[in-house]
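First the structure, in the form of structure tokens, and then the observations on it.
The values are calculated or read from the model by the stated rules, or taken from the named source; none is laboratory data. Quick caveat: nothing in here was measured; it's all calculated off a predicted structure. So basically every Cβ, Gly included, is an ideal-geometry build from the backbone, and we count neighbours across all protein chains shown. These accessible areas exclude ligands, DNA and RNA; they are computed on the full protein's heavy atoms, side chains included. Shrake-Rupley method; radii C 1.70, N 1.55, O 1.52, S 1.80 Å.
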Amino acid sequence: MSHSTKNRNPAYTPKDATPERRFPLRELVLFGALLAAVLAVYAIMGAAYSTRMLVEAACYAILALGLTIQWGYAGQFNAGVMGFVALGGFCAMLFSVPVNDAFWGTELPGELGQVLLYGIAATLIVVGVTKLDRFGVPKRLRTVLAIVIGVVLYLIVISLLREVTSQIQSQAGFIGGFGLPAWVGWIVGGALAGGVGYFIGHVCLGLRSDYLAIATLGIAEIIKAFLKNSDWLTRGTATVSPLPWPTPGPAELGFTLSRAVYLSVTAVVIAVIFFLLHRAYHAPWGRMIRAIRDNEVSSAAMGKDINKRRLEIFVLGCVLMGLGGGMLGTFNSLFDPQGYLPLNHTFLVLVMVILGGPGNNLGTIFGAVAVYIIWIMSEPLALFLMQLAVTLGENAFGWEAPSNMDSRALQARVLVIGMLITLVLRFAPKGLLPEKIKTHG
């Protein structure tokens, strides 16, 4: 034994040693308060209403987990959550709605498939033209040829597509669905959202964070506009309803019990996602992602593939958003492209992540449930206070009650959420459960 080891202070702890875990007092207090709020809602609003609220909050928790791994893990600000949620809802509708025999029993599927093959062939031609510089074609000429050929082929394909879609709308209304279980649509919705995220990431992840936010917001609006105007595919503003559940519905079990069963499914999905994200966060992959977030230059100097890792985390977050969007659309039993709003499906998810703590999975789940309870209960609470004020005013001062109290109470949601995010950013800028960063050395 060396001399330095003999004389070492027994109370000494090396700096790189794993610190003793603290008692999770803050977590217990916050989740205890959240449990008390949930029980209060059950006591005031009833079991059916409160269970519905918890199911929707659980779906939003999946969306928030998708955003927290993009923003919290990698520092990527995605302002287009709404678009990926809409893709998940679209796939849930497409795969679960019964088959439309008025469409599949005609020659229209073959004609539509032929047009789609033309579109794929046109895309491959344009991609091939962009590679002509490898054969000695000047880059400027290659760019001009790619643009001209792309525009011409687009006009040809879109004209053929319009002819077929007009026939679909006149003869069948829309193409209908595949009649498969809803959970198939959830999986495909996550995969589709991840595929779109992969394409967006290749184009936009080189942008600075504020420009990335603008780009993703614009792409989300493009997705919404496409789904809204594709009547042959989604019925557009006419909506598609009802969407079948993967669990027994209200007709079999009643509203409360059926929603409780659906809540158990969402809880299992959240538990699996939480477990996988927890393992990934503490794995070497997670440490590398956080290193890239904190110091991109140093990570690149150590040989890390920055763009590849950022693309991985962006796609993973989009997959969770698509999955959550599919589960939310199925539970609401409605697909309405106009119902996807930046306030409800982007800003609200952002507030959930900010309140809980970006990068903290447990905090994100807490923030999702807490913010959604505040969002839902703001309206009845505001209406109660307004009615109380009107009653007192009529008795004391002879005031006349306004005619639009319900709509005014609805707008209180925005006021309350605005005040909430202001207070959080002022007093807890890292969230109520901030990310736990272990320092060594």
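Brief remarks follow.
- Here GLY72, GLY88 are screened, and the one residue that is within 28 Å of the chain's Cα centre (by Cα), in a helix (DSSP H, G or I) and under 30 Å from SER159 (Cα atoms) is GLY88.
- Residues in the stretch 337-351 that are at pLDDT below 90, open to solvent by less than 30 Å² (accessible area, probe 1.4 Å) and of a type outside the set (S, T, N, Q): HIS345 only.
- Subset of the stretch 161-218 that is farther than 24 Å from GLY89 by Cβ and of a type in the set (Ser, Thr, Tyr) - its residue that is surrounded by the fewest Cβ atoms within 10 Å (Cβ to Cβ): SER170
- On inspection, ALA401 passes the criterion of being over 30 Å from TYR73 (Cβ atoms), among the aliphatic types (A, V, I, L, M) and part of a loop (DSSP other than H, G, I, E, B).
- Residues in the stretch 97-148 that are over 29 Å from SER333 (Cα atoms), of a type in the set (Val, Ile, Thr) and outside any loop (DSSP other than H, G, I, E, B): VAL115, ILE120, THR123, ILE125, VAL126, VAL127, VAL129, THR143, VAL144, ILE147, VAL148.
- Test: residue in the stretch 319-332 that is over 20 Å from PHE275 (Cβ atoms), touching a strand residue (DSSP E or B) at 6+ places or on another chain (Cβ under 9 Å) and crowded, with 24+ Cβ neighbours inside 10 Å: yes
- Tally of residues being open to solvent by less than 60 Å² (accessible area, probe 1.4 Å) and closer than 14 Å to ALA74 by Cα across the stretch 294-305: 1
- Cβ separations smaller than 8 Å between residues 6+ apart or across chains give the following pairs from the stretch 307-334 residues that are in a helix (DSSP H, G or I) to residues that are hydroxyl-bearing (Ser, Thr, Tyr) and crowded, with 23+ Cβ neighbours inside 10 Å: ILE313/TYR73; GLY324/TYR60; LEU328/TYR60; THR330/SER96; PHE331/TYR262.
- Residue check, ALA238 out of contact with any strand residue (DSSP E or B) (no Cβ under 7 Å at 6 or more places or on another chain), farther than 13 Å from MET327 by Cβ and open to solvent by less than 60 Å² (accessible area, probe 1.4 Å): yes
- Among residues of the stretch 58-72 that are touching a residue at least 60 places away in the same chain (Cβ under 8 Å), those with a beta-carbon under 6 Å from a residue that is open to solvent by less than 10 Å² (accessible area, probe 1.4 Å) and hydroxyl-bearing (Ser, Thr, Tyr) at least six positions away or on a different chain give the pairs ALA58/THR266; ALA64/THR364; LEU65/THR364; THR68/THR364.
- Test: residue in the stretch 380-401 that is in contact (Cβ under 8 Å) with a residue 60 or more places away in the chain, open to solvent by 30 Å² or more (accessible area, probe 1.4 Å) and farther than 28 Å from VAL240 by Cα: yes
- The stretch 235-250 residues that are closer than 17 Å to TRP183 by Cβ, paired with ones that are open to solvent by 60 Å² or more (accessible area, probe 1.4 Å) and part of a loop (DSSP other than H, G, I, E, B) (beta carbon under 6 Å, 6 or more apart): PRO246/PRO181
- Leading residue by the ranking (nearest to LEU316 (Cα to Cα)) among those in the stretch 257-281 that are hydroxyl-bearing (Ser, Thr, Tyr) and either open to solvent by 60 Å² or more (accessible area, probe 1.4 Å) or within 21 Å of the chain's Cα centre (by Cα) (or both): TYR281
- If you go through the stretch 219-235 and keep only what is open to solvent by 30 Å² or more (accessible area, probe 1.4 Å) and within 21 Å of the chain's Cα centre (by Cα), you end up with ILE219, GLU221, ILE222, LYS224, ALA225, PHE226, LYS228.
- When the residues of the stretch 306-318 are filtered to those that are open to solvent by 60 Å² or more (accessible area, probe 1.4 Å) and not polar (S, T, N, Q), the one that is farthest from GLY88 (Cα to Cα) is LYS308.
- Residue that is nearest to VAL188 (Cα to Cα), among those in the stretch 335-352 that are among the aromatic types (Phe, Trp, Tyr) and not in a helix (DSSP H, G or I): PHE335
- Taken as a whole, the stretch 216-225 holds at least one residue that is over 26 Å from ASN307 (Cβ atoms) and touching a residue at least 40 places away in the same chain (Cβ under 8 Å).
- Boolean, ILE354 is touching a residue at least 24 places away in the same chain (Cβ under 8 Å), of a type in the set (Val, Ile, Thr) and surrounded by fewer than 20 Cβ atoms within 10 Å (Cβ to Cβ): no
- Close pairs from the stretch 423-434: first more than 17 Å from THR364 (Cβ to Cβ) and open to solvent by less than 50 Å² (accessible area, probe 1.4 Å), partner part of a helix (DSSP H, G or I) and of a type outside the set (Ser, Thr, Tyr), Cβ under 9 Å, at least 6 apart: none
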